[in-house]
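Participant: What follows is a structure written as structure tokens; I'll ask about it next.
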Amino acid sequence: MPNTVKVFFHDIKYLLLVSTVIFTLSLFFGFYLESRLEGSFFSATDHTTMDIFQNNIKASVPFILGFVSLGVSTVAALLINGVAIGGSILASTDHLSTVQIILLLIPHGILEIPALMLSSTIGFYSLKILFLFIRGKSINLKHELMNVGKLLILVLVLFVTAAFVEANITTVFHPFTKE
């Protein structure tokens, strides 16, 4: 089993790296643009696990649709989300302490951000197949599509878990829920 996981992540490591680099750079660009944003990323909510899960699925659609658009929608989604999240986090420092921001992000973010990065890996996956084809490498389409299926399942599991954590645990740290 560990060897299978190692092979799986070896197959996607460059796609995951590209996703992470684009997202991270856009996150920093969002920090830079923060002065143009108003308000706080964190607001009082009473969303259920299902509400949050559905929102996360909707947010991941442009990432995953990159599979059809050869990564175009994935790049756009990474840039837009990175800038929005980065700017919103920095804008939140006007209303929340650094510790509060960390407590509001870490519990569910350690699951949600990897799920988004894996969603973007799916979006870039057709490029991997295309590059293999262009380079004259043999392509085991069944293996490649199985990898995409595994990624989808992993994304769903991470999103369900992140939604549960955000709805039931992160709210404990939310300053607007305390009276």
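Values in this text are rule-based calculations from the coordinates and carry no lab data. Being a predicted model, the structure only gives us computed values, none of them experimental. Counting neighbours? That spans all protein chains shown, and the Cβs are built from the backbone with ideal geometry, glycine included.
Participant: Comparing LEU25, LEU132, LEU118, which has the greatest mean-square fluctuation in the GNM of the chain with Cα pairs linked when under 10 Å apart?
Facilitator: Residue with maximal mean-square fluctuation among LEU25, LEU132, LEU118: LEU132.
Participant: What do the square roots of 5 times the Cα gyration tensor eigenvalues come to for the chain, in whole Å, largest first, as semi-axes of the equivalent ellipsoid?
Facilitator: Values: eigenvalues 213, 69, 32 Å².
Working through the eigenvalues yields semi-axes of 33, 19, 13 Å.
Participant: According to a simple spin-label model (label point 7 Å from Cα along Cα-to-Cβ), what is the distance in nm between VAL172 and ILE134?
Facilitator: Placing both labels 7 Å beyond Cα along the Cβ direction yields 5.0 nm.
Participant: Also, quick follow-up: Give the calculated FRET efficiency between PHE8 and VAL68 to the nearest 0.05, with a Förster radius of 22 Å applied to their Cβ-Cβ distance.
Facilitator: About 0.45, to the nearest 0.05.
Participant: Could you calculate the contour length gain from LYS150 to MET50, that is, 0.36 nm times the residue separation minus the distance between their Cα atoms, to one decimal place in nm?
Facilitator: On the way: separation 100, 0.36 × 100 = 36.00 nm, distance 2.21 nm.
Roughly 33.8 nm would be gained on extension.
Participant: What is the helix-to-structure angle for 49-64, meaning the angle in degrees between its Cα long axis and the longest Cα principal axis of the chain, kept from 0 to 90 and rounded to the nearest 10?
Facilitator: 40 degrees
Participant: Here's a follow-up. With a point put 7 Å past each Cα toward its Cβ, work out how far ILE80 is from VAL61 in nm, to one decimal.
Facilitator: 1.1 nm
Participant: How many lysine pairs are close in the chain, with Cα atoms under 25 Å apart and the two 8 or more places apart or on different chains?
Facilitator: For the chain, qualifying lysine pairs total 16.
Participant: Helix-derived [θ] at 222 nm for the chain: sum -39500 (n - 2.57) over DSSP H runs of at least 4, divide by residue count, nearest 500? Write down the numbers at each step before the final one.
Facilitator: Details: 6 runs with 137 residues, N = 179.
After summing the helix terms and dividing by residue count, I get -27000 deg cm²/dmol.
Participant: What's the angle, to the nearest 10 degrees (0 to 90), between helix 98-134's Cα axis and the longest principal axis of the chain?
Facilitator: 20 degrees
Participant: Once both axes come from the Cα atoms, what is the angle between helix 2-32 and the longest principal axis of the chain, in degrees from 0 to 90, rounded to 10?
Facilitator: Orientation of helix 2-32: about 50 degrees from the principal axis.
Participant: Classify the range 101-172 from the C-alpha gyration tensor, please: rounded if a/c falls under 1.5, else prolate or oblate depending on whether a/b exceeds b/c.
Facilitator: Numbers: a/c = 6.23, a/b = 2.89, b/c = 2.16.
Since a/c reaches 1.5 and a/b is larger than b/c, the shape of the range 101-172 is classed as prolate.
Participant: To the nearest 20 debye, what is the magnitude of the charge dipole of the range 2-177 about its Cα centre, counting +1 on the Cβ of each Lys and Arg and -1 on the Cβ of each Asp and Glu? Each step should come with its number before you reach the end.
Facilitator: Details: 9 positive and 9 negative charges, 191 e Å.
About 920 debye.
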